[in-house]
Number of protein chains: 2
Amino acid sequence: MIPDDFCRFADHLAEQARAIVLDHYRTGVAVEDKADMSPVTIADRAAEARMRTLIAERFPDHGMLGEEYGSERDDAEYVWVMDPIDGTKAFICGIPVFGTLIALVREGEPVLGVIDLPVTGERFIGGPARATTLNGRPVRTRPCASVSRAIVATTTPDMFEGEDMERFLRVRRAARLPRYGTDCYGYGLVAAGMIDLVIEADLAPYDYLGPAAVIEGAGGTVTDWEGRPLRLGGGGERIVAAGDPVLHAEVRRMLGEG
Amino acid sequence: MIPDDFCRFADHLAEQARAIVLDHYRTGVAVEDKADMSPVTIADRAAEARMRTLIAERFPDHGMLGEEYGSERDDAEYVWVMDPIDGTKAFICGIPVFGTLIALVREGEPVLGVIDLPVTGERFIGGPARATTLNGRPVRTRPCASVSRAIVATTTPDMFEGEDMERFLRVRRAARLPRYGTDCYGYGLVAAGMIDLVIEADLAPYDYLGPAAVIEGAGGTVTDWEGRPLRLGGGGERIVAAGDPVLHAEVRRMLGEG
């Protein structure tokens, strides 16, 4: 089990990041953003800096990996992996599907994850040994044993290159309902039993470690397209997240065929 | 000018619809929905029935056209056009970009529109002769005179068939940032000056008349791909909505070329 201490601290990190992110939401409506000082960049950096300060104060021997400021002590037993704003394009458009992602990794393995949606006020926390909650209430993935019954979410088909596009489309065409534009919200909705599947590609550890822990703590399965568990290290990963492990196996086969 | 009376009444309609829609949101998480009694269908019908009752009581000589219950007195001077849940797929997935659309049409022409987002609690009201507000505060589209600087939103590229797909992709490739999965929220975000362009196809009058009025009341331009103003009647329309009229003209040219 993950000590309550870590859970409370992860919740605190997300709460602090949320306040900073919301401060900058929908503040810069001009078309021309200076690339280095757009509201989303300011919010991204400020939220990660705040989380890093809190981690360094509370757990000085833990490591950190963030999208904005890179890694520090990443050979430590515990490493905090952070994406302060996952879905920066959604943030820029004013669409509330972006969020803050946090994972606590122990010896490379995600043991606790957070998906925080600042605008809708939804926070998912959980992991393989810690039942996932949404704002404190337990959530579970739903049964869906066949892709023909599944809702499949993807941020954009543009993330698939070459043959991967054909493989993705094979699943998408077989699914009951496809949905684009989901960013990290898609993973939360799998954990909450609202949708069944997320298929994405070209993701970094800070994109997938938190969501993987959250979904596993709700009863689902998340791996790369080859079925390997997700660990710290690597990058450019292709991810398949399913609420129902039976569905996961079926979709993995579909993604694997040449 | 549109009498305050009509504005207050449109606001009241949206408020009543919102309560019904929220009652059914995220209530049916099972994969197998009975097609005729899914939560989204129940909410859709109940919200439209409620609005129709209110209209018939208050303006018995007005006409009505709704997605669920069809038309009534649609030769009246004033006709209320309603889509109780635009974005039923988003509703089913639990993604808060769906909304209630209302238009008041006078002799075929949309004079007042409402886009109501129940989950985020945002309500846009306005029209050509009534400056658009978001929750009572005025909003304006933003200047964006070139597609190369534009954010373009579309619910899904699957709505474009044959040659229309190529025309859409021409704009999408030229744009600064494309965004999928927006449903009626996209039109609201154009009115609010957060995004610049929505391009869609295969829409019915209850899909586009309310958004067209809202965006025009915020300074933007909405027509079909041929540049014709949007009127009651027709269907299967291809829509281009732009916050900046200069951008609208540019994009219309791009959509029009063979």
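The values are calculated or read from the model by the stated rules, or taken from the named source; none is laboratory data. Bear in mind that the values here come from a model prediction, so they are computed numbers and not experimental data. For neighbour counting, all protein chains shown are included, and Cβ atoms are generated from backbone atoms with ideal geometry for every residue, glycine included. The accessibility values were calculated without ligands, DNA or RNA, using every heavy atom of the protein model including side chains. Shrake-Rupley method; radii C 1.70, N 1.55, O 1.52, S 1.80 Å.
Averaged over the residues of B:89-95, the number of partner chain Cβ atoms lying within 10 Å of the residue Cβ comes to 6. For the pair B:Met159 and B:Ile42, label points projected 7 Å from Cα toward Cβ lie 2.9 nm apart. Applying 1/(1 + (r/R0)^6) with R0 = 22 Å to the Cβ-Cβ distance of A:Glu15 and A:Glu72 gives a FRET efficiency near 0.50. Interface area, chains A and B: about 3300 Å² of buried accessible surface, summed, with a 1.4 Å probe and ligands, DNA and RNA left out. Beyond 14 Å, what share of the Cα-Cα pairs of the range A:69-131 remains, rounded to the nearest whole percent? Of all Cα-Cα pairs in the range A:69-131, 61 percent lie more than 14 Å apart.
Stretching the chain fully between B:Glu166 and B:Glu226 yields a gain of 20.0 nm (0.36 nm per residue, less the alpha carbon separation).
Over chain A, Cα pairs under 8 Å with separation of 6+ residues give a relative contact order of 17 percent. Spread over its residues, the convex hull of the C-alpha atoms of the range A:175-258 is 93 Å³ per residue.
Taking the helices alone, the protein assembly as shown has a mean residue ellipticity at 222 nm of -11000 deg cm²/dmol, built from -39,500 (n - 2.57) per DSSP H run of at least 4 residues and averaged over all its residues.
The listed peptides B:116-122, A:55-61, B:102-108, ordered by packing as a protection proxy, come out as B:102-108, B:116-122, A:55-61 (highest mean of other Cβ atoms within 10 Å first). For the range B:117-258, the Stokes-Einstein estimate of translational diffusion at 20 °C and a viscosity of 1.002 mPa s comes to 146 µm²/s, using the Kirkwood hydrodynamic radius over alpha-carbon pairs. Computed over protein heavy atoms with a 1.4 angstrom probe, the accessible surface ordering of B:Met254, A:Met165, B:Met1, B:Met64, largest first, is B:Met1, A:Met165, B:Met254, B:Met64. Using R0 = 41 Å, the C-beta based FRET efficiency linking A:Arg50 and B:Ala131 works out to 0.60. A simple charge model with +1 on the Cβ of Lys and Arg, -1 on the Cβ of Asp and Glu and nothing else charged puts the dipole of chain B at about 1100 debye relative to its Cα centre.
For B:Ser71, the residues whose modelled amide H falls within less than 5 Å of its own, excluding neighbours fewer than 5 places apart on the same chain, are B:Gly66.
Kirkwood radius and radius of gyration were both taken over the C-alpha atoms of the protein assembly as shown, and their ratio Rg/Rh is 0.98.
For the residues of A:197-210, the average number of beta carbons from a partner chain within 10 Å of their own beta carbon is 0.
Using a 1.4 angstrom probe on heavy atoms only, work out the carbon and sulfur share of the accessible area of the range A:125-183 in %.
Values: 1330 of 2560 Å².
About 52 percent, which is the carbon plus sulfur part of the accessible surface.
Solvent-accessible surface of the range A:1-130, taken per residue with a 1.4 Å probe and all protein chains present: 40 Å². Compactness of the range B:55-193 was expressed as the Cα radius of gyration divided by 2.2 N^0.38 Å, which yields 1.17. Global size of the range A:1-116: 14.5, 48 Å for Rg and Dmax (C-alpha atoms, Rg to one decimal, Dmax whole). Per residue of peptide B:150-158, the mean number of Cβ atoms on other chains within 10 Å of the residue Cβ is 3. Panel note: the C-alpha atoms of chain A, placed on their principal axes, show extents of 47, 47, 33 Å (largest first).
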